[in-house]
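A quick write-up on the structure given underneath.
The values are calculated or read from the model by the stated rules, or taken from the named source; none is laboratory data. These numbers were taken from a predicted model, which means no experiment stands behind them. FYI the Cβ positions are ideal-geometry reconstructions off the backbone, even for glycines, and counts take in every protein chain you see. What goes into the accessible areas is simple: the full protein's heavy atoms, side chains included, and nothing from ligands, DNA or RNA. Shrake-Rupley method; radii C 1.70, N 1.55, O 1.52, S 1.80 Å.
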Amino acid sequence: MKATAYSNATNYDSESWLISPAFDLTGYTTATLKLRHAINFFSSVDKAKEEVAVMASTDGTNWTELTLSSWPSSLGWTFVDTTADMSAFAGESNVQIAFRYTSTAAKAGTWEVEKVSIE
């Protein structure tokens, strides 16, 4: 997944969500989301942490932000492995994850996510 709102030398206000199909965690007592991600063109790493998020839901309406264990230490195309505890969703039969991206007309960063799995 690659998210940005920079096009033709212009930054745009945006909010976009990439939402997974529902998956079943029935029978699980713990669950961990694993992924690799990179951030670039944000005004700072801290700003990227405010403007992108990984969310989870059991009804597609009420979303909970997941806490990622690690972030890149600087802006660039260096991918970092990270995890998020999804144990609060273990045992649920209708779980979705979403990647939420936001930007402003002042600055639109780029977020890339790859190798997503739930274990």
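Candidates are the residues of the stretch 54-70 that are part of a loop (DSSP other than H, G, I, E, B) and touching an Asp or Glu at 6+ places or on another chain (Cβ under 9 Å); the one that is least open to solvent (accessible area, probe 1.4 Å) is S70.
Mind listing whichever residues of the stretch 84-109 are over 24 Å from N11 (Cβ atoms), buried (at least 16 other Cβ atoms within 10 Å of the Cβ) and out of contact with any helix residue (DSSP H, G or I) (no Cβ under 7 Å at 6 or more places or on another chain)?
If the condition is that a residue be over 24 Å from N11 (Cβ atoms), buried (at least 16 other Cβ atoms within 10 Å of the Cβ) and out of contact with any helix residue (DSSP H, G or I) (no Cβ under 7 Å at 6 or more places or on another chain), then A84, M86, F89, A90, E92, Q96, I97 are the ones that fit.
Quick check: is even one residue across the stretch 32-52 modelled with pLDDT of 95 or more, open to solvent by less than 80 Å² (accessible area, probe 1.4 Å), in a loop (DSSP other than H, G, I, E, B) and within 19 Å of V116 (Cα to Cα)? Taking every residue of the stretch 32-52 in turn, none turns out to be modelled with pLDDT of 95 or more, open to solvent by less than 80 Å² (accessible area, probe 1.4 Å), in a loop (DSSP other than H, G, I, E, B) and within 19 Å of V116 (Cα to Cα).
Every test in (1) within 25 Å of K107 (Cα to Cα); (2) aliphatic (A, V, I, L, M); (3) open to solvent by less than 80 Å² (accessible area, probe 1.4 Å) is passed by L18 save one, and that test is (3). A search for C-beta distances below 8 Å between a residue of the stretch 47-69 that is within 18 Å of A3 (Cα to Cα) and any residue that is at pLDDT 95 or above and among the acidic types (D, E), counting only pairs 6+ apart in sequence or on different chains, returns A53/E65; V54/E65; M55/E65.
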